[in-house]
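Working notes for the structure below.
The values are calculated or read from the model by the stated rules, or taken from the named source; none is laboratory data. In this text, all values refer to a predicted model and were calculated from it rather than measured experimentally. Heads up, the Cβs are rebuilt from the backbone with ideal geometry, glycines too, and the neighbour counts pull from every protein chain shown.
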């Protein structure tokens, strides 16, 4: 047996390689840089790495290639757009990490133990979160460009494993945070098993693990359909788990609530882009010709997801859980874009992912600011009257909520409008109907929060808004600016997306 | 159509001013008002430049457009943000920026003691920009953006002194009543889009020829609703009187000269719709006729000088709406009256502001009197405006108002006679209440409060008043001499040819002057001969009482809109609580309940979550099995 050395196109892979390099340097920084400097060094290193990677994505934005890594990845327009979205979202969310008050001093210590108290007293910080984030981002960057199932699976684990750890780093409510991490890990492993199982079936169906190979069999239609269908179903479960679609969503409220808020924001926004990116590629290219088999299933899941997310969100009293359920509902809206299976659907989904991701990071950034003496206050009852005490922060949050609700002049409106019109065009009228209905339900609880903040008198229990640090302020300003700019004048971005949105096969 | 690259500066200059003043904050307190005035003036000069270009071109080449950017482009749904300047919009541009600049200058002095003067100027500039966008948009949607923009600016300026709860309430009232009108506009846009597939003026004009009359009537009625809201016409007129809570320059600019005339602009701009929808056009005339009487009657009973002028504004806009409803022959006269009214009413409002300035912000005319000697310039400028609104030759109103009366008479049949009589009667009542204002304010004995020390206003204030007074004197003659304005605007309207004349212009003028003379005479007898009580008498006839209460417009609103609305709301809230909330909570509870049964949400066991995933997987496979069988 001869072994051929792989031929890699380093330029096209450079965005991911830069991230991995940055992450490795980050690990070294952990080992060799003094405690006092570590935080600032890590932050600059991470932001620098992300910006460099983004610059590299910009450099290759007109390239398309099937053979950048021996046929394991595809570089094309959607790949570039998704990678750029992930990087931009990561940059604005990484600013929130700088506030060390979010993270535990020693992740390995038992909650409430002597060891933990000691590390708190000595002012330890978990700066490992930066290299972990970079590892996760590199997995997210690989996920939507993978073009064989093995690479897809590796990317899935690459993005998931650091996230499991990061979910457990919260400084306050350690037990809840660790529980969230463990749950996320166990359920993630469980869904990965389905994912692998699905891969095996697809291999059985087509005798190939590459997208091109499976696609060929689907187009040829010669294989055993049962294998294909079970393969699609199980692979979908793995992906639907990551995006938090009903009934594979159960982890998300607990994890969103337990994880440190900056991590939640990052996870909610960037993971969705990556997972939906992979999903769009798979359904739009590999399974496109087996549309008859999966469209009805995904439609039902989309409808259940939208309605479930919107309805249950109403009953929430905790802002992070509410945002978690809202994110479930948004996963349903995004599924409408997958179901559309036309170019408009692809464009709309990419726009939606970016717009939603940015608004999500911004919304969680606001959550980090509302605190009392013992940390963040996520109980919605104690957000009453926030608009009177901190009009700017509350108004910004209101802006993000309006975007989530899809009110015109925010990015959310353009996103919802384009995704629903694409789905309608493709004939998925039931999904659109459920989508509009659940948007209306969802608008109710978003606006209820606005009413709570602006038109309800405050209760006297000392919830206050921490003055945003310069970095948090940057996150807020950038995300609200993008949210409004995309609502008022979306044409340039829509044009860019439209020019680039073609999958190569 | 020709394109231009400089239209955007008309809007961009004041918009930039507003942004700079708001963003720079207190730092710009020293120079903010000067910058705002300069930018408004530059916008005026851009307008003059455009006019000079336009005059130099032939009729068909006069309209110019500028595409700013592609606004929304999703699938087949494409909207450009484009501006269009034609013979009609240039009139508005010059009125808005010209009168606007004068009022900026006036406000420098009028607001000089206000700590928030900078904010005031920022809002004024914002208003100018929004109003320009309203008249420059090339589609109903772009117009709508400006329409909402002026609504916002108006709201901010009426409530400028929002530390007084009554003023804040007034601004809220204006805002809410305008929402009803705005809803009309959005419905009109939706109907147009649904039936014609376009919302641009040129597209709708073209499509109007082959669209059903029913749809056009629907659009027309909705546009009329929009116009009644913004222009304070019956039945949405009630907010204008309360809007006088804003600083007086605001009343002059927004609630007399420009924003409230947006309804007239909308109807004139949509002439192709109304010409093809006679029912809607008839409604326009009826609304105009009712409002002109309504406003005039309210005007007779008001002791607050600004509210009397506001009622008069309502009435005069009624004339314009009526004119616009008379079809192709009326549009140009409506616009002419709009322009002349812009001069004389703005001038009179500034005069009222000047009086208030000298009288410790007193607005009750019963506490004025004999101010002629103390404020000679204000008296002179106000007096010229007074002569203009009465329609005394050769002042501006004589030309514009008589044209509307004459067109009304000549519109044919019983309709013509009724309308003619209404407009004629309105002219008489106008003469009565305006004479009353003059007498109570400037002549007779002084009935001042003790601390009042009336004095003439500084030159920064009287100069704009003087310029507007010149306009009140000359604008009518200039616009109508040789049919300048009519010919200028004629390419925009379909010409239906001449109509038979019922009454000749001379007869109409004679009748109108006779009515005016009667009105003036009654006012003289009633107020100049007799002593005026410093406190409004209470033993008055039922009619006066009703007129003092704005012809019960608020009661009417309460009875017809508010109380049923509240009842409806109460029912809805109950339904909402019982049915929708119940359903929602129920579903939420079921969801939570079934969730807890499956996954034990309280204990949060991972095994339950995993079980849910497993159940989902099984269901998925089962579904596939069902689908493929």
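Scanning region A:449-505 for residues that are exposed (fewer than 15 other Cβ atoms within 10 Å of the Cβ) and closer than 24 Å to residue A:313 by Cβ gives A:451, A:455, A:459. Looking across region A:364-375, just one residue is outside any helix (DSSP H, G or I) and buried (at least 22 other Cβ atoms within 10 Å of the Cβ), and that is A:370. Of all the residues in region A:391-413, those that are surrounded by fewer than 22 Cβ atoms within 10 Å (Cβ to Cβ) and part of a loop (DSSP other than H, G, I, E, B) number 3. The single condition among (1) assigned to a helix (DSSP H, G or I); (2) facing another protein chain (nearest Cβ under 10 Å); (3) farther than 16 Å from residue A:426 by Cβ that residue A:347 does not satisfy is (3). Against the test of being modelled with pLDDT under 90 and either touching a strand residue (DSSP E or B) at 6+ places or on another chain (Cβ under 9 Å) or within 26 Å of residue B:319 (Cα to Cα) (or both), the options B:222, B:183 yield a single qualifying residue, B:183. Please find, within region A:435-448, the residue that is farthest from the other protein chains (Cβ to nearest Cβ) out of those that are modelled with pLDDT under 90 and touching a helix residue (DSSP H, G or I) at 6+ places or on another chain (Cβ under 6 Å). Out of the qualifying residues, it is A:446.
So that you can scan it fast, the table gives a plain yes or no per residue for (1) within 26 Å of the chain's Cα centre (by Cα); (2) surrounded by 19 or more Cβ atoms within 10 Å (Cβ to Cβ):
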| position | (1), (2) |
| --- | --- |
| B:32 | no, yes |
| B:44 | yes, yes |
| B:49 | no, no |
| B:82 | yes, yes |
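For region B:484-492, the count of residues that are surrounded by fewer than 19 Cβ atoms within 10 Å (Cβ to Cβ), closer than 21 Å to residue B:329 by Cβ, in the same structural domain as residue B:348 (by TED's automatic domain parsing) and without any contact (Cβ under 8 Å) to a residue 60 or more places away in the chain is at least one. Residue B:331 falls short on exactly one of the conditions (1) crowded, with 22+ Cβ neighbours inside 10 Å; (2) modelled with pLDDT of 85 or more; (3) closer than 19 Å to residue B:507 by Cα, and that condition is (3).
This table checks each residue for (1) touching a helix residue (DSSP H, G or I) at 6+ places or on another chain (Cβ under 9 Å); (2) in contact (Cβ under 8 Å) with a residue 60 or more places away in the chain; (3) within 14 Å of another protein chain (Cβ to nearest Cβ); (4) farther than 23 Å from residue A:284 by Cα.
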{"position": "A:178", "(1), (2), (3), (4)": "yes, yes, yes, yes"}
{"position": "A:185", "(1), (2), (3), (4)": "yes, no, yes, yes"}
{"position": "A:199", "(1), (2), (3), (4)": "yes, no, no, no"}
{"position": "A:209", "(1), (2), (3), (4)": "yes, yes, no, no"}
{"position": "A:216", "(1), (2), (3), (4)": "yes, no, no, no"}
{"position": "A:222", "(1), (2), (3), (4)": "no, no, no, no"}
{"position": "A:225", "(1), (2), (3), (4)": "yes, yes, yes, no"}
{"position": "A:251", "(1), (2), (3), (4)": "yes, yes, yes, yes"}
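Taking the criterion of being out of contact with any helix residue (DSSP H, G or I) (no Cβ under 8 Å at 6 or more places or on another chain) and not in a helix (DSSP H, G or I), the residues of region A:14-65 that qualify are A:34, A:62. Residue-level check: of (1) without any contact (Cβ under 8 Å) to a residue 40 or more places away in the chain; (2) surrounded by 20 or more Cβ atoms within 10 Å (Cβ to Cβ), residue B:210 misses just (2). Remark: pairs (first residue in region A:416-439, over 21 Å from residue A:403 (Cβ atoms); second residue outside any helix (DSSP H, G or I); Cβ separation under 8 Å; 6+ apart in sequence or on different chains) = A:425/A:342; A:425/B:75; A:426/A:341; A:426/A:342. Counting the residues of region B:190-207 that are assigned to a loop (DSSP other than H, G, I, E, B) and closer than 15 Å to residue B:138 by Cβ gives 2. Part of a helix (DSSP H, G or I), more than 18 Å from residue A:168 (Cα to Cα), within 13 Å of chain B (Cβ to nearest Cβ) and free of Cβ contacts under 8 Å to residues at least 60 places away in the same chain - does that describe any residue in region A:301-319? There is at least one residue in region A:301-319 that is part of a helix (DSSP H, G or I), more than 18 Å from residue A:168 (Cα to Cα), within 13 Å of chain B (Cβ to nearest Cβ) and free of Cβ contacts under 8 Å to residues at least 60 places away in the same chain.
Is at least one residue of region A:353-360 modelled with pLDDT under 90 and within 14 Å of another protein chain (Cβ to nearest Cβ)?
Filtering region A:353-360 for residues modelled with pLDDT under 90 gives none.
No, because not a single residue in region A:353-360 is modelled with pLDDT under 90 and within 14 Å of another protein chain (Cβ to nearest Cβ).
Is it the case that region B:444-457 has a residue that's within 32 Å of the chain's Cα centre (by Cα) and part of a helix (DSSP H, G or I)? So far as region B:444-457 goes, no, none of its residues is within 32 Å of the chain's Cα centre (by Cα) and part of a helix (DSSP H, G or I). If only residues of region B:601-621 that are at pLDDT below 80 and at the interface with another protein chain (Cβ under 7 Å from one of its Cβ atoms) are counted, the one that is surrounded by the most Cβ atoms within 10 Å (Cβ to Cβ) is B:606. Among the residues of region A:418-430, the one identified as crowded, with 20+ Cβ neighbours inside 10 Å and facing chain B (nearest Cβ under 7 Å) is A:418.
Among the listed residues A:152, A:156, A:163, A:169, which satisfies the condition of being under 17 Å from the mean Cα position of the chain (by Cα), surrounded by 22 or more Cβ atoms within 10 Å (Cβ to Cβ), touching a residue at least 24 places away in the same chain (Cβ under 8 Å) and under 30 Å from residue A:113 (Cβ atoms)?
Working: A:152 fails: under 30 Å from residue A:113 (Cβ atoms); A:156 fails: under 30 Å from residue A:113 (Cβ atoms); A:169 fails: under 17 Å from the mean Cα position of the chain (by Cα).
On inspection, the qualifying residue turns out to be A:163.
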